[in-house]
Amino acid sequence: MTSIKGDIAIGVLFISGIWGFISGAFIVSTVLLGTATMLSNIVLREKIN
């Protein structure tokens, strides 16, 4: 995954998770924020190696 695609994906998941939290969909927001966190760690490890 290229850097810009990874950054866009992480941003979209993060904003969707925050929006889900605000609207009261706590289970969905938890899944989205967890996915954003894992994807962020994967992209960060690819940049380091």
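Please treat every number below as a calculation from the coordinates, not as lab data. None of the values given here were measured: they were computed from a predicted structure. Cβ: placed from backbone, ideal geometry, glycine included. Neighbour counts: every protein chain shown.
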Could you give me the residue pairs with C-beta distances under 6 Å whose first residue belongs to segment 19-37 and is among the aromatic types (Phe, Trp, Tyr), whose second residue is surrounded by 12 or more Cβ atoms within 10 Å (Cβ to Cβ) wherever it lies, and which are 6+ apart or on separate chains?
-> PHE21/SER29
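Starting from residues that are out of contact with any Gly (no Cβ under 9 Å at 6 or more places or on another chain) and surrounded by 13 or more Cβ atoms within 10 Å (Cβ to Cβ), keep the ones in segment 14-30 and report whichever is farthest from ILE42 (Cα to Cα).
Kept after step one, since they are out of contact with any Gly (no Cβ under 9 Å at 6 or more places or on another chain), are these residues of segment 14-30: 14-16, 18-25.
Restricting the remaining residues to those that are surrounded by 13 or more Cβ atoms within 10 Å (Cβ to Cβ) gives 14, 16, 18-21, 25.
On the way: PHE14: 15, SER16: 19, ILE18: 21, TRP19: 23, GLY20: 23, PHE21: 24, ALA25: 26 Å.
Taking the candidates together, the pick is ALA25.
Give the residues of segment 1-17 that are of a type outside the set (S, T, N, Q) and not in a helix (DSSP H, G or I), sorted by residue number. Give the steps one after another, and end with the answer.
First, pick out the residues of segment 1-17 that are of a type outside the set (S, T, N, Q): 1, 4-15, 17.
Result: MET1, single match.
Output the number of residues of segment 18-49 satisfying the condition of being assigned to a helix (DSSP H, G or I) and more than 8 Å from the chain's Cα centre (by Cα). Break it down stepwise before answering.
Here is the first cut: in segment 18-49, the residues assigned to a helix (DSSP H, G or I) are 18-23, 26-48.
Among the residues that remain, those that are also more than 8 Å from the chain's Cα centre (by Cα) are: 18-23, 26-31, 41-48.
Residues in segment 18-49 being assigned to a helix (DSSP H, G or I) and more than 8 Å from the chain's Cα centre (by Cα): 20 in total.
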Among the residues of segment 4-13 satisfying the criterion of being loosely packed, with under 15 Cβ neighbours inside 10 Å and not aliphatic (A, V, I, L, M), which is farthest from ARG45 (Cα to Cα)?
-> GLY11
